[in-house]
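Comments concern the structure below.
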Amino acid sequence: MLPLQDILILDFTQFLSGPIATLRLADLGARVIKVERRDKGDLSRTLYKSNIHLNGASSIFHALNRNKESIAIDLKDENDLAKIKKLISQVDVVVQNFRPAVFEKLGLGYDEIKRLNPSVVYAEVSGYGLIENWKKKPGQDLLVQAISGIAWLTGNKEDGPIPMGLAVADIFAGAHLTQGILAGLYSKIIHKTGCKIEVSLLESILDLQFEMLTTYFNDGGQDTIRTETNNAHAYLGAPYGIYESKDGHIAIAMASIPVLGDLLSCEPLLAFQTADSWFKERDKIKGVLSQHLKTETSKHWLSLLEPADIWCAEVLDIEQLTQKEAFQTLEMLQKVKMSDGFTYETTRCPITFDGTILTHQKGSPKMGEHTIAIEEEFGL
């Protein structure tokens, strides 16, 4: 039995942050009914990644919306709105990520939803939360990264701002929304009361930078300075970074610089004896290390470092990773099937529950696929 079995979620979200949250809840056993616009559906159905088209929708839609049901309605239609309100009165959780005030204009603000269902857990995700004069800004991941300061943490000193190569604001907002909903469900079950959960992309990406912000506000507000080369963390000293070898790359995390000098037979590193110098002189250290590591293969360096318990790793691309026995052991991929028989591979839930890996065979829904069945089941 999965922990969220018998929990019913009405999901008005689209794109990434909201669907990520409801996907995780579905993985944990909740029943998720996805509400889509009758004419277009979730806009991520046409948000293509690398132009990959799978059975009528984009790969991102299939990845985020497996194991869900779909009803297609028009919230501006009085009859459809009445049906949705009747459905809201019977669910445990309502999730939405419309732009601020849009849900209220449709007649589905929190006050109305709470009137219809006093014990409901209402959850919403926005771009900028309580910042009133930013509400009209598009809550899009790259734009939030640009505003948040995070683009100045990746890359080297002389590089311009570099965004992270994933939609990290969306992904972390989805994770935080999941946490909030789970806490809300606990409150609902234990205290018999509903609640309102609010998450924003900006707050989530600021929380992601808790190390940097804590340091910044306790060191007198010193500028963030990336290393000249091999930067992997702007607030850590050498050797922390990724280095080119003769045939690839290796990553080295925290380590004593003189110990590295001995292990790698790199005499210039022996000059940096104090831990304080590993930060103050990190550009010099990384310069020496980066040139030295190019002289031998990754396998050679790892054979010296790993037995000495130096934190290091070979840098793999996706093809190399998926060929590793370790990747196969994790069983991170699963094959799911849509109702028309179309199958595709995607990632599974990363949570193991009572020793069981959580997998599901149910793929993503066709737009409005379950409308009639849901209307009949809930008396709509």
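Observations, loosely collected:
- Candidates 182, 213, filtered to the one that is in the same structural domain as residue 164 (by TED's automatic domain parsing), more than 23 Å from residue 283 (Cβ to Cβ) and within 29 Å of the chain's Cα centre (by Cα): 182
- Looking only at segment 296-334, and only at residues there that are without any contact (Cβ under 8 Å) to a residue 12 or more places away in the chain and of a type in the set (A, V, I, L, M, F, W, C), the one that is farthest from residue 246 (Cα to Cα): 330
- Qualifying residue in segment 342-360 (condition: without any contact (Cβ under 8 Å) to a residue 12 or more places away in the chain and small (Gly, Ala, Ser)): yes
- Taking (1) closer than 21 Å to residue 336 by Cα; (2) out of contact with any strand residue (DSSP E or B) (no Cβ under 9 Å at 6 or more places or on another chain); (3) touching a residue at least 60 places away in the same chain (Cβ under 8 Å) in turn, residue 21 satisfies each apart from (2).
- Residues within segment 135-152 that are surrounded by 18 or more Cβ atoms within 10 Å (Cβ to Cβ) and either of a type in the set (Ser, Thr, Tyr) or closer than 24 Å to residue 103 by Cα (or both), tallied: 4
- Residue satisfying all of: in segment 156-168; touching a residue at least 60 places away in the same chain (Cβ under 8 Å) and surrounded by 14 or more Cβ atoms within 10 Å (Cβ to Cβ); farthest from residue 228 (Cα to Cα) among these: 167
- The set of residues from segment 135-158 being at pLDDT 95 or above and farther than 25 Å from residue 50 by Cβ comprises 147, 148, 149, 152, 153, 156, 157, 158.
Let's see how each residue does on (1) buried (at least 16 other Cβ atoms within 10 Å of the Cβ); (2) at pLDDT 95 or above:
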site	(1), (2)
50	no, no
53	no, no
58	yes, no
72	yes, yes
81	yes, yes
87	yes, yes
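- Elements of type strands (runs of 3 or more DSSP E) contained in segment 250-350, each with 1 or more residues being farther than 27 Å from residue 23 by Cα and under 26 Å from the mean Cα position of the chain (by Cα): 312-314
- So residue 237, is it assigned to a loop (DSSP other than H, G, I, E, B), in contact with a helix residue (DSSP H, G or I) (Cβ under 6 Å, 6 or more places away or on another chain), crowded, with 20+ Cβ neighbours inside 10 Å and not β-branched (Val, Ile, Thr): yes
- Check on residue 292, surrounded by 14 or more Cβ atoms within 10 Å (Cβ to Cβ), outside the structural domain of residue 88 (by TED's automatic domain parsing) and either hydroxyl-bearing (Ser, Thr, Tyr) or farther than 19 Å from residue 54 by Cβ (or both): yes
- Residue check for residue 70: hydroxyl-bearing (Ser, Thr, Tyr) and either over 26 Å from residue 128 (Cα atoms) or in contact with a Lys or Arg (Cβ under 6 Å, 6 or more places away or on another chain) (or both): yes
- Residue in segment 190-201 that is under 26 Å from the mean Cα position of the chain (by Cα) and either at pLDDT below 95 or of a type in the set (Phe, Trp, Tyr) (or both) present: no
The values are calculated or read from the model by the stated rules, or taken from the named source; none is laboratory data. The model shown is predicted, which means the values in this text are computed figures rather than measured ones. Ideal geometry is used to build each Cβ from the backbone, glycine not excepted, and the neighbour counts take in all protein chains shown.
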